[in-house]
1. I'm checking a number: the convex hull volume of the Cα atoms of the chain, normalised per residue, in Å³. What is it?
2. Which of the chymotrypsin sites (Phe, Trp or Tyr not before Pro) found in region 44-147 are in a DSSP loop and have at most 16 neighbouring Cβ atoms, other than their own, within 10 Å?
3. Once phi is turned into θ = phi - 60°, what whole-Hz ³J(HN,Hα) does the Karplus curve with 6.51, -1.76 and 1.60 give for every residue of region 62-71, x standing for Gly and Pro?
4. Hey, what do the phi angles of region 140-147 turn into as Karplus ³J(HN,Hα) couplings, whole Hz, using 6.51/-1.76/1.60 and θ = phi - 60°, x for Gly and Pro?
5. With θ taken as phi - 60° and the coefficients 6.51, -1.76 and 1.60, list the Karplus ³J(HN,Hα) couplings across region 124-132 in order, rounded to whole Hz; mark glycine and proline as x.
6. Can you give the relative contact order of region 1-123 as a percent, counting alpha carbon pairs under 8 Å and 6+ residues apart?
7. Post the alpha-carbon centroid distance, region 118-133 to region 5-40, in whole angstrom.
8. Which trypsin sites (Lys or Arg not before Pro) in region 74-135 sit in a loop by DSSP (not H, G, I, E or B) and have at most 13 other Cβ atoms within 10 Å of their own Cβ?
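Taken together, the values in this text are just the output of simple stated rules run on the coordinates, not laboratory data. Note that the structure is predicted; figures quoted are calculated from it, not measured. Ideal geometry is used to build each Cβ from the backbone, glycine not excepted, and the neighbour counts take in all protein chains shown.
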Amino acid sequence: MQQTKQSHRCPAKVLQRGNDFRRGAIPHDHPADLGLLHKVKIARQVKDAATSDVYRPAKRLVEAAFHDNIKETDFCLPNPELIARRANRCRQTMRPPEPRGLDFSGEEDAIPDGFLLNVIRMDDARHIIMATQQQLRILQTAKKVVP
Ligand SMILES: [Zn+2]
């Protein structure tokens, strides 16, 4: 059974007994979706990648899935924006919540050694200073600060 529009539901049914599939009495009332195989493959690949790496941008995951599954001659392609939004919705509960104030604690284990230099609190602001040793060397030799 496939839904062609939000308000319309296709009346076709498939009867399944074990691995035996039989067409129901009522046929589909819409043309076949010729891009369905691509849509399913891409959606599966993006969902697997999105749930295994929750911080990688969904658009990059969709681009990789399109690259792996789509040829130049393919048509009836899925909408990449919708797949990216679906991936983000799928993994939204897997990410830690966004901080609501200044009293949040980060995962300091995830920060490389020596990268976090200091945390400064001034009035109603909190500044987290991070830099690599190379950035500090460049900063020491800098003669002019460009705004
Ligand atoms: Zn149908």
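1. Details: hull volume 38.7 nm³, N = 147.
Considering the Cα atoms of the chain, their hull volume per residue is 263 Å³.
2. Tyr55, Phe75, Phe104, Phe115
3. Rounded to whole hertz, the list is 5, 4, 5, 5, 5, 4, 6, 10, 10, 9.
4. Once rounded to whole Hz, the list reads 5, 8, 5, 9, 9, 9, 8, x.
5. Per residue, the Karplus-derived 3J(HN,Hα) values read 10, 10, 9, 10, 10, 9, 10, 6, 8 Hz.
6. Numbers: 95 pairs, mean separation 22.5, N = 123.
Reported relative contact order: 18 percent.
7. Distance between centres, Cα-based: 57 Å.
8. Taking region 74-135 and a limit of 13 other Cβ atoms within 10 Å, the loop trypsin sites (Lys or Arg not before Pro) found are Arg100.
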